[in-house]
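Okay, here's the structure, questions in a sec.
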Amino acid sequence: MTDKLTTDVYYDEDVDASHIEDKTVAILGYGSQGHAQAQNLDDSGVDVVVGLRESSSSRTEAEADGLRVETPAAAASEADIVVMLVPDTVQPDVYETIEDGLDAGDTLQFAHGFNIHYGQIEPAADVDVTMVAPKSPGHLVRRTYKRDEGTPGLIAVEQDATGDAKQEALAYARAVGCARAGVIETTFQEEVETDLFGEQAVLCGGVTDLVKAGFETLVDAGYAPEMAYFECLNELKLIVDLMYEGGHMGMWNSVSDTAEYGGLTRGESVIDREGMEKILEEVQNGEFAREWISENQANRPAYKQYRSAEQNHQIERVGADLRELFAWDGEDADADAAEAP
Ligand code: NAD
Ligand code: MG
Ligand code: MG
Ligand code: MG
Ligand code: MG
């Protein structure tokens, strides 16, 4: 299987763990990725300090998890590897408070490349700049680690002042469990551009607009909103689960031949390839990044409008009622989670 991949995949046995052994890692932020990476590093025997503001409500949680907590500035100044795991939109501000703690030869590490790629953070030339990005949400990064498994991850090196940046990133990826599942090398540019394109054109933007357009087409034609909700939104999970497990062929093999023939002949007609290319262009030329940065500087006026329109869409009201019918599903999932180690 793996011989068909176009890139090298690094596993535990390919990684020299000594590249992180004597180092102190500062984890800035204790959210989804922060709590998971900090605890996995700690369990792997790496010296970890969590950097949080005095006022942060996460302080008690990190301490209860047995971790040492300092302010971001103190943690960064003590550490050899400083990992930015606060939200991307606040990273430039946090960076200003920790910049002085980055000595020559230290590493500034990210889990997503936005702020480096679009020039919102410009580290000194004598610092290594790397990325270790688990390809999954933090709770899975933690849960799989505790089961002696891991989630696949990406590494990237933007700036290699020491000559050791890649080896260190691999050792870090191993310590958080990613090299148990496989680590792939990419660049900051590729990670950012594919991530933004994917979430806009396909995953978050494309899918929700496809669902809304399908729902509205049926409702406008006089069909019951409940039927439209089931057909266009609820069943999406079943299809995505099949694709996740077995790719497109796994899905086509499981649905009826009628669904397969209809899908294969009709699907493409709702796709706007030029629209997709435009999305990619605006990601590549920085137009989207500039728009999102000024939107944040202006306190998110457009974001708030789009969000409120989304909240008031009929599909949300119908969905809230219909999802009650699936309450048993949620209880089941909770029970599964409670059984997990
Ligand atoms: P998050 O929103 O879950 O957590 C951020 C944490 O940062 C908060 O819990 C808090 O402890 C702290 N924080 C918030 N505001 C702050 C401020 N103003 N100053 C200082 N600290 C503050 O973040 P996340 O989703 O873990 O994302 C962290 C990084 O990881 C981002 O670069 C993101 O793109 C990347 N990433 C996330 C995921 C994911 O699954 N969530 C996956 C891959 C990469
Ligand atoms: Mg330091
Ligand atoms: Mg992504
Ligand atoms: Mg993203
Ligand atoms: Mg059907």
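Taking the Cβ of Lys212 as the center, what net charge do the other residues with Cβ under 11 Å away carry, scoring Lys and Arg +1 and Asp and Glu -1?
Surrounding charge for Lys212 is -4.
Hey, if you put +1 on the Cβ of every Lys and Arg and -1 on every Asp and Glu Cβ in the chain, which of Leu238, Gly29, Val129 ends up farthest toward the positive end of that dipole?
Of Leu238, Gly29, Val129, it is Leu238.
Once phi is turned into θ = phi - 60°, what whole-Hz ³J(HN,Hα) does the Karplus curve with 6.51, -1.76 and 1.60 give for every residue of the range 10-21, x standing for Gly and Pro?
9, 10, 2, 5, 8, 10, 8, 5, 5, 5, 10, 4
Take every DSSP beta bridge with both residues inside the chain and express the antiparallel ones as a percent of the total, to the nearest 5.
Of the beta bridges lying entirely in the chain, close to 25 percent run antiparallel.
Highest mean first, what order results for 43-50, 249-256, 92-99, 107-114 on Cβ atoms within 10 Å?
Descending mean neighbour count gives 107-114, 43-50, 92-99, 249-256.
Determine one quarter of the surface area of the Cα convex hull of the range 195-339, which equals its mean projected area, and express it in nm² to one decimal.
Dividing the Cα hull surface by four gives the mean projection, 11.9 nm².
For helix 273-284, report the angle its Cα long axis makes with the longest principal axis of the Cα atoms of the chain; keep it between 0 and 90° and round to the nearest 10°.
In the chain, helix 273-284 runs at an angle near 20 degrees to the longest axis.
How much net charge surrounds Ser254 when only the other residues with a Cβ under 12 Å from the Cβ of Ser254 are counted, with Lys and Arg +1 and Asp and Glu -1?
Local charge sum for Ser254: -4.
While we're looking at this one, here's another question. Under 19 Å between alpha carbons, and skipping anything fewer than 8 positions from Lys4 in its own chain: which aspartates and glutamates qualify?
Within the straight-line cut-off, Lys4 pairs with Glu185, Glu245.
I would also like to ask the following. First select every other residue whose beta carbon is under 12 angstrom from the beta carbon of Tyr223; then total the charges, Lys and Arg +1, Asp and Glu -1.
Net local charge, Tyr223 excluded: -4.
If the elastic network links every pair of Cα atoms under 10 Å, which of Glu295, Glu324, Glu70 fluctuates the most in the Gaussian network model of the chain?
Of the options given, Glu324 has the highest mean-square fluctuation.
Computed over the Cα atoms, what is the radius of gyration of the chain divided by 2.2 N^0.38 Å, N being its residue count? Can you show the working numbers first?
Working: Rg = 22.4 Å, N = 341, 2.2 N^0.38 = 20.2 Å.
That works out to 1.11 for the chain.
Right, something else. Report, to one decimal in Å, the Kirkwood hydrodynamic radius for the range 6-186 based on all distinct Cα pairs. Show your work: numbers first, answer last.
Details: mean 1/r = 0.0631 Å⁻¹.
Computed over the range 6-186, the radius equals 15.8 Å.
Once the Cα atoms of helix 301-311 and of the chain are each reduced to a long axis, what angle between those two axes, in degrees from 0 to 90 to the nearest 10, is obtained?
50
Pairs to check: Lys237/Lys278; Lys135/Lys212; Lys278/Lys304; Lys166/Lys237. Give those whose C-alpha atoms are more than 26 Å from each other in this structure.
From Lys237/Lys278; Lys135/Lys212; Lys278/Lys304; Lys166/Lys237, over 26 Å: Lys237/Lys278; Lys135/Lys212; Lys166/Lys237.
May I pose another question? What angle do you read, to the nearest 10 degrees and between 0 and 90, between the alpha-carbon axis of helix 314-324 and the longest principal axis of the chain?
So the inclination is approximately 80 degrees.
Using unit Cβ charges (K, R positive; D, E negative) and no other charged atoms, how large, in debye to the nearest 20, is the dipole of the chain about its Cα centre?
Value, rounded to 20: 760 debye.
Continuing with the same structure: Determine the calculated [θ] at 222 nm for the chain from helices alone, applying -39500 (n - 2.57) to every DSSP H run no shorter than 4 residues and normalising by the residue count; nearest 500 deg cm²/dmol.
Value at 222 nm, helices only: -15500 deg cm²/dmol.
First obtain the Kirkwood hydrodynamic radius of the range 104-239 from its Cα pairs, then insert it into the Stokes-Einstein equation at 10 °C and 1.306 mPa s, and state the resulting D in µm² per second as a whole number. Mind dumping the intermediate values first?
Values: Rh = 17.4 Å.
The estimated diffusion coefficient comes to 91 µm²/s.
Can you order the peptides 262-274, 79-91, 170-182 by their average number of other Cβ atoms within 10 Å per residue, highest first?
Values: 262-274: 9.8, 79-91: 21.7, 170-182: 25.5.
So the order, starting with the most tightly packed, is 170-182, 79-91, 262-274.
Read-outs: derived from the displayed coordinates by stated rules, not from any lab. As the structure is a prediction and not an experimental result, all values here were calculated from the model. Virtual Cβ from ideal backbone geometry, glycine too; neighbours counted across all protein chains shown.
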